[in-house]
Structures are given as structure tokens and as C-alpha cells.
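Enquirer: Take a look at the following structure, please.
The values are calculated or read from the model by the stated rules, or taken from the named source; none is laboratory data. The structure presented is a predicted model; accordingly, all values stated were derived computationally and were not measured. Virtual Cβ from ideal backbone geometry, glycine too; neighbours counted across all protein chains shown. With ligands, DNA and RNA removed, areas are computed over all heavy atoms of the protein, side chains included. Shrake-Rupley method; radii C 1.70, N 1.55, O 1.52, S 1.80 Å.
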Amino acid sequence: MSTMLTASHKLLDLLAQLVSFKTISRDSNLELIMWVKAYLDQYGVESRLTYDSTGKKANLFATVGKGKNPGIILSGHTDVVPVEGQDWHTDPFVTTIKDGRVYARGAADMKGYIAAALLAVPEYLAANQDTALHLALSYDEEVGCLGVRSLIRDLEEIGLKPASCIVGEPTLMQPIIAHKGTHRFRCCVRGREAHSSYTTQGVNAIEYASKIVVYIRDIADRLSKQEQRDNAYTVPYSTLQTGLMRGGLATNIVPRDCEFQFEARTLPNMKADSLYQEIQDYAASLLPQMLAVEPLARIDFEWLASAPGLQMQESDAIVQFAARLAGNPPSGAVSYGTEAGLFQEAGIPTVVCGPGSIEQAHTPNEYVELDQLAQCEVFMQRLITSM
């Protein structure tokens, strides 16, 4: 029987501090970012910040061992999902330790990993390795991997090319080498209002929107039957689904407006552009019927967010390195998305490996096992001596 490890008090203190910042995606993350900046300042590590358009959110990038050879990025997102409407038994923004678990929003997804990375900073400096270690903290991952794009763009502009990257999403400390791409879209249909007793004088936006939704489902059914399978995934083909829909004012009014949002989860070799274009082409075929009744009728699409899939090989150096650090073999593919695909797209070989289970992410009473945090500490200690 394997011996269960337990996380250090220093790590738990750092995690408690990070959790206390209510970095829900809709809100600012600057308080956490400035706290991390001050933490790094005390070790002489400079931080580079990139802000969003409002100035209320920022990414942080720091190099531990400035002037040395570019090394590995330890990457994590600072934002968490909301807690409203969930049945929490404890304060979600205060860590609660019980039965070998740490309960808090973000404990698994993914402030436990960030805490372990921060804890490793002074030890890495003391080890005086020839290679630099980089920290990358982003905003708005949960709403479309938005912040990390400007962080990567900033690195490209200053000419810094790290050797590789480890994204610390919860994987039970199993190195993940592939995940699907995630793409989110909005469709707005504008028809014409009319009294429901005169339906022919109106253009029912909900009904036309529904035709498009059904068409999206038809594409999903086609992919489930015809797309080449990748059995590394639980769902071994690309998927589409409609998740939000709103429209209409009353049952006796032909609705003028309807809006819906849909998403595609694509295998790494599937391009979402072609699916998106096919849906737009179908919507365009409906428009003449609408315009015959209402000259101002329209169907508008918007590509809200996109994160590419990840596709690494078990033989890749960063995958083998992460497996040695974790003491676990690479475990294949997952269906959820991460920022890893964007790092890979930028030419930075990337693997996903972090403490906790994705099954706990976004749930009420989210938790991470103390043993998982301890395994992540061991991971970081091995990293320090292996660079």
C-alpha cells in the first residue's frame, strides 16, 4: 500500500492566501496579481504585467533566474468560476481542511498548483541552476482563454522563447498530452413582431433560430457517425451543442428577436472554421424567406472565443520530463480545454499536469486532496534539481 503524503504548512498558507482573493472571471484579479508581484519582489524576481482593455485585469509573467537560459514555464490561470446558486457547506473563499481535503473555490482549479509554483521560487533561486524558470499567471481562462493570448503576444514582442511549458490544470498529477479545442459562438436572429393571430404578417425569430439549432444538431450527429475516431478521448469525435437560448415577449406575440449560443469541441486535427462556415451558409439560405416579409430581417453570427486543441506525443521531451517529475506515465487525452493549445500554437511544447481532479472543478464544495498537493510539492522539488 502506498504511503499518503501531506502538504506542507507553507504551501497551505500560500493556497489560503490565493483563495482569499475573489477572482471570479467577471471581477478584477488585480489584488491577487499585485500580491504575487510583491511576493516575488522580496526574492528579487521582477514581474511583467499585461493588462486587459479595462485595466482591471492583468497577466503576470516572471523569470526566476534572469539572464540564464530560457527554461520551463509553470502556467496557471488566476480566475475561478462563480459560486452563486451552489450549495456550499463552507465559505468558498476560505480554505477549510477536513478529512484529508482542502475545500475552497479554486482549490483544485487551479490555485493549488499556483501555490506550489510560488513555493518553489526561493528554493529554485538557492539551487542556482543554469536555466531560468518562468511563471505565467493569466486572467479570464474560464471564459475563453482570453488573457493568456496577450501574455504570449507580449513574450513574442520581447523576443523571449521559453523551451517548454507545464500547464497545471487538475490532472491527478498525470501528464496529459492532448485535449480538444473549444470554440464558442453567438447567433442573433431579427425577425418581425406581429399579433399571434396574424402569424403570416410576422417573422418568428425563435422558429428561424430553432431551424439553425436543429441544423447544428444535424452536423453533430453527422460527426458522431462519420468523423474518424480518436479513442484516446471519452467522446472520440468532435461535438457541437447549443447551451443558451432566449427570445420572445409573450405567447401571443410573434417574437422579433432570438439569441442563442453554441459551442464546438473539436479534435485537435479538426478546424472549427469549416463547421462555422457551414452553419452560416445554412442560415444565409433561410434569409430570403425572412426578407420576403421583413426587409430588415437579419441573422448575425459572432465567434465569441476559441482555444485550440493540444496534440503532443509521448516521446516529446517535455512530456517525458513531466512524467519523470510526476512519477506517473503520460495518460493520454481529455475532453476539456486548457491554455496549453495556445502555448503549443506559439511554438512552445506544452504538457498539462497538476494536482486535483477535474471532476471537482466548478462544483460546489470544490476540493483538492492534501496528498495531491504534496505530490505537486514533490514534483516541484524534482524540477528544481533536474533543470
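Enquirer: What are the residue pairs meeting all of these: first residue in the range 270-299, first residue in contact (Cβ under 8 Å) with a residue 24 or more places away in the chain, second residue aliphatic (A, V, I, L, M) and open to solvent by 60 Å² or more (accessible area, probe 1.4 Å), Cβ atoms under 6 Å, and 6 or more apart or on different chains?
Expert: Between residues of the range 270-299 that are in contact (Cβ under 8 Å) with a residue 24 or more places away in the chain and residues that are aliphatic (A, V, I, L, M) and open to solvent by 60 Å² or more (accessible area, probe 1.4 Å), the close pairs are A297/L291.
Enquirer: Within the range 81-95, restricting attention to residues that are among the polar types (S, T, N, Q) and open to solvent by less than 50 Å² (accessible area, probe 1.4 Å), which residue is farthest from the chain's Cα centre (by Cα)?
Expert: T90
Enquirer: While we're on this one: So which of L373, L342, L304 is part of a helix (DSSP H, G or I) and under 20 Å from the mean Cα position of the chain (by Cα)? Steps first, please.
Expert: Values: L373 fails: under 20 Å from the mean Cα position of the chain (by Cα); L304 fails: part of a helix (DSSP H, G or I).
One residue alone meets the criteria, L342.
Enquirer: Within the range 226-242, which residues are farther than 18 Å from K211 by Cβ and either without any contact (Cβ under 8 Å) to a residue 60 or more places away in the chain or more than 19 Å from the chain's Cα centre (by Cα) (or both)?
Expert: Residues of the range 226-242 that are farther than 18 Å from K211 by Cβ, as a first pass: 226-239.
Hits for the range 226-242 are Q226, E227, Q228, R229, D230, N231, A232, P236, Y237, S238, T239.
Enquirer: Residues to consider are V121, V148, V94; find the one that is closer than 30 Å to G55 by Cβ and part of a loop (DSSP other than H, G, I, E, B). Show your work before the answer.
Expert: Details: V121 fails: part of a loop (DSSP other than H, G, I, E, B); V148 fails: part of a loop (DSSP other than H, G, I, E, B).
Within the list V121, V148, V94, the selection yields V94.
Enquirer: Are any residues in the range 97-118 β-branched (V, I, T) and not in a helix (DSSP H, G or I), and if so, which ones?
Expert: I97, V102
Enquirer: Something else about it: Among what's in the range 255-286 and is out of contact with any helix residue (DSSP H, G or I) (no Cβ under 8 Å at 6 or more places or on another chain) and part of a loop (DSSP other than H, G, I, E, B), pick the residue that is least open to solvent (accessible area, probe 1.4 Å).
Expert: The extreme case among them is L267.
Enquirer: Okay, moving on. Can you go through L244, L240, L223, L249 and tell me which one is in a loop (DSSP other than H, G, I, E, B), modelled with pLDDT of 95 or more and either hydrophobic (A, V, I, L, M, F, W, C) or within 29 Å of Q201 (Cβ to Cβ) (or both)?
Expert: L249
Enquirer: Looking at the range 340-387, which of its residues are among the β-branched types (V, I, T), open to solvent by less than 10 Å² (accessible area, probe 1.4 Å) and closer than 14 Å to L5 by Cα?
Expert: V368 - this is the single residue of the range 340-387 that is among the β-branched types (V, I, T), open to solvent by less than 10 Å² (accessible area, probe 1.4 Å) and closer than 14 Å to L5 by Cα.
Enquirer: What pairs can you find where one residue is in the range 301-323 and within 19 Å of E278 (Cβ to Cβ) and modelled with pLDDT of 95 or more, the other is open to solvent by 10 Å² or more (accessible area, probe 1.4 Å) and not basic (K, R), and their Cβ atoms are less than 6 Å apart, with a gap of 6+ or different chains?
Expert: Listed pairs, sorted by first residue: F301/Q280.
Enquirer: Residue under question is T182, and the condition is that it be within 30 Å of A132 (Cα to Cα) and open to solvent by 10 Å² or more (accessible area, probe 1.4 Å); does it hold?
Expert: No: the conditions fail for T182.
Enquirer: What about R190, is it under 28 Å from the mean Cα position of the chain (by Cα), more than 30 Å from P330 (Cβ to Cβ) and at pLDDT 95 or above?
Expert: Working: under 28 Å from the mean Cα position of the chain (by Cα): no; more than 30 Å from P330 (Cβ to Cβ): yes; at pLDDT 95 or above: yes.
Answer is no for this residue.
Enquirer: Being of a type in the set (D, E, K, R) and surrounded by fewer than 15 Cβ atoms within 10 Å (Cβ to Cβ) is the filter here, so list the residues in the range 212-249 that pass it.
Expert: Matches in the range 212-249: R217, D218, D221, R222, K225, R229, R246.
Enquirer: For the range 54-72, enumerate the residues that are open to solvent by 30 Å² or more (accessible area, probe 1.4 Å) and over 20 Å from the mean Cα position of the chain (by Cα).
Expert: T54, G55, T63, K66, G67, K68, N69, P70
Enquirer: Just a yes or no: is a residue in the range 356-373 modelled with pLDDT of 95 or more and more than 30 Å from D87 (Cβ to Cβ)?
Expert: No.
Enquirer: Something else about it: Count, please, the residues in the range 126-154 that happen to be aliphatic (A, V, I, L, M), closer than 24 Å to A264 by Cα and open to solvent by 20 Å² or more (accessible area, probe 1.4 Å).
Expert: Residues in the range 126-154 being aliphatic (A, V, I, L, M), closer than 24 Å to A264 by Cα and open to solvent by 20 Å² or more (accessible area, probe 1.4 Å): 2 in total.
Enquirer: Okay, next question. When the range 96-110 is examined, which residues are found to be touching a residue at least 12 places away in the same chain (Cβ under 8 Å) and either among the hydrophobic types (A, V, I, L, M, F, W, C) or surrounded by fewer than 14 Cβ atoms within 10 Å (Cβ to Cβ) (or both)? Steps first, answer last, please.
Expert: Start the filter on the range 96-110 by keeping residues that are touching a residue at least 12 places away in the same chain (Cβ under 8 Å), which leaves 97, 100-110.
The answer is I97, G100, V102, A104, A107, A108, M110.
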